[in-house]
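**Q** Pasting a structure below so you can have a look.
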Amino acid sequence: MVNLGDIAKATGYSKATVSRVLSGDPSFTAKESTRHRVIQVATELGYALRTSRAGVPQTIAVLENFDPTNGPQDSYFSDVREALRERAVENMMSLAFFPTVDALIEAADEFSGFVSIGPAPIAQDDLDRLYEALSHGVFIDINPAPALFHSVRPDLQQTVIDAIYTLREQGRQRIAFIGGAGHMMGSHVFAQDPRTVAFNEWAHLLDMPTDGYVCASGPFTVENGRSQAEALLDACTDDLPDAVLVAADPLAVGVIQVLAARGLRVPDQIAVVSIDNLQVCEYTAPTLSSYAIERSELAETALILLSDAIVGRFMHKHHVLLSTRLVVRQSFIPAHGATAQ
């Protein structure tokens, strides 16, 4: 049976250091490289960790892969960052933030792993360099290197399917879609966002009209929401949609503004449902029904994945999808069960 002395001998650290690391003693401050080495050797020798705290790094790096000053479209990622802060405090961890891959690589020796927040594409060369410098990482919201790093994301495609069925249950048959362009999967940037892909696929399966009913290009901004709503209404003058599913709340703000300007009543004539559940949903007129992405659960799952990866619990990379829930407000009230907030 492996004991602390065996681990101390294999690592070159004192038995006291090994004991305090493996007991998860939160009062013991050690370099992340020391903690990682002790836990790695203990795992390799078959030592059973007696506390989940042992696998939790005291400090983790965070790659801020978004622009927090970039308006409502990136406020979601600011929310995720705040949720990560809160979860780190609960787990007696501290965070160190880095604005670029280069900055993170330069400081890699100080950390056992990292979490990345944000949607910006990262070049394959940079991902390879990052893996060489810091092999344990979890990406939140994108999955740029499935073979190198773990990821945790909201299940946006299932959210779109749920929204379609919920709208149809209320009798909405002419469901339009407004979205944005592109998403990153692996080293590829695709022209269509997964929400658009899911809508087109299920509209076809359910024999729903799509000609003129799908507008999905450009950025996820309020301005683009207005522009695409204008284009949608102009294309469907003879047969207006009775519902619009919108890929993200900033777009939906622009959509509601255009519907109001055109004198169309929401939700009586046209229901509007969105995704993200940003705070702005409470201040539109009417207030916006939106599928909530639970930022706190994204953050918690990312920390669990990272901790388990560091102690060597996984042979393969894990890619976790989290479900969403509809927060009902005035722009759409389902046929059964929920009342508007």
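The values are calculated or read from the model by the stated rules, or taken from the named source; none is laboratory data. Source: prediction; values computed, not measured. Cβ: placed from backbone, ideal geometry, glycine included. Neighbour counts: every protein chain shown.
**Q** Of all residues in the stretch 233-269, how many are within 32 Å of the chain's Cα centre (by Cα) and assigned to a loop (DSSP other than H, G, I, E, B)? Spell out the reasoning first.
**A** Just the residues of the stretch 233-269 that are within 32 Å of the chain's Cα centre (by Cα), to begin with: 233, 241-260, 266-267.
Imposing the further condition that a residue be assigned to a loop (DSSP other than H, G, I, E, B) reduces the set to 241-242, 247-248, 266-267.
Qualifying residue count for the region: 6.
**Q** Moving on to the next point. Only residues that are under 21 Å from the mean Cα position of the chain (by Cα), closer than 21 Å to Arg313 by Cα and buried (at least 20 other Cβ atoms within 10 Å of the Cβ): list them for the stretch 92-129, please.
**A** If the condition is that a residue be under 21 Å from the mean Cα position of the chain (by Cα), closer than 21 Å to Arg313 by Cα and buried (at least 20 other Cβ atoms within 10 Å of the Cβ), then Gly113, Phe114, Val115, Ser116 are the ones that fit.
**Q** Considering only the stretch 146-200, give the strands (runs of 3 or more DSSP E) lying wholly within it that have at least 2 residues that are modelled with pLDDT of 95 or more.
**A** Passing ranges, in order: 150-154, 175-179.
**Q** Being in contact with a Lys or Arg (Cβ under 9 Å, 6 or more places away or on another chain) and charged (D, E, K, R) is the filter; apply it to the stretch 265-294 and report the residue that is surrounded by the fewest Cβ atoms within 10 Å (Cβ to Cβ).
**A** Ranking the candidates gives Glu282 first.
**Q** Now for a different question. Can you tell which of Asp249, Asp242 is modelled with pLDDT of 95 or more and out of contact with any Cys (no Cβ under 9 Å at 6 or more places or on another chain)?
**A** Working: Asp249 fails: out of contact with any Cys (no Cβ under 9 Å at 6 or more places or on another chain).
Going through Asp249, Asp242 in turn, just one is modelled with pLDDT of 95 or more and out of contact with any Cys (no Cβ under 9 Å at 6 or more places or on another chain): Asp242.
**Q** Let me ask something additional. When you go through (1) more than 21 Å from Ser323 (Cα to Cα); (2) modelled with pLDDT under 95; (3) surrounded by fewer than 21 Cβ atoms within 10 Å (Cβ to Cβ) one by one for Arg226, which number turns out not to apply?
**A** (2)
**Q** Among the candidates Arg168, Arg153, single out the residue that is over 30 Å from Arg37 (Cβ atoms) and without any contact (Cβ under 8 Å) to a residue 40 or more places away in the chain.
**A** Arg168
**Q** Now a separate question. Name, by its number, the condition in (1) surrounded by fewer than 19 Cβ atoms within 10 Å (Cβ to Cβ); (2) assigned by TED's automatic domain parsing to the domain that holds Asn277 that does not hold for Pro146.
**A** It fails just one condition, (2).
**Q** Return yes or no: is Thr324 surrounded by fewer than 24 Cβ atoms within 10 Å (Cβ to Cβ) and either of a type in the set (Phe, Trp, Tyr) or not assigned by TED's automatic domain parsing to the domain that holds Phe199 (or both)? Even if it seems obvious, please write down each step before you answer.
**A** On the way: surrounded by fewer than 24 Cβ atoms within 10 Å (Cβ to Cβ): yes; either of a type in the set (Phe, Trp, Tyr) or not assigned by TED's automatic domain parsing to the domain that holds Phe199 (or both): yes.
The answer is yes for Thr324.
**Q** Please list, ordered by first then second residue, the pairs with beta carbon atoms under 6 Å, 6 or more apart or interchain, first in the stretch 280-295 and closer than 21 Å to Asp268 by Cβ, second among the basic types (Lys, Arg).
**A** Here the result reads Thr287/Arg329; Leu288/Arg329; Ser289/Arg329, each pair linking the stretch 280-295 to a residue that is among the basic types (Lys, Arg).
Yes or no, residue by residue, for (1) under 21 Å from Leu251 (Cα atoms); (2) at pLDDT 95 or above; (3) outside the structural domain of Pro250 (by TED's automatic domain parsing); (4) not basic (Lys, Arg):
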site	(1), (2), (3), (4)
Pro72	yes, no, yes, yes
Ser75	yes, no, yes, yes
Arg81	no, no, yes, no
Val89	no, no, yes, yes
Phe98	no, yes, yes, yes
Asp102	no, yes, yes, yes
Ile105	no, yes, yes, yes
Ser112	no, no, yes, yes
Ser116	no, yes, yes, yes
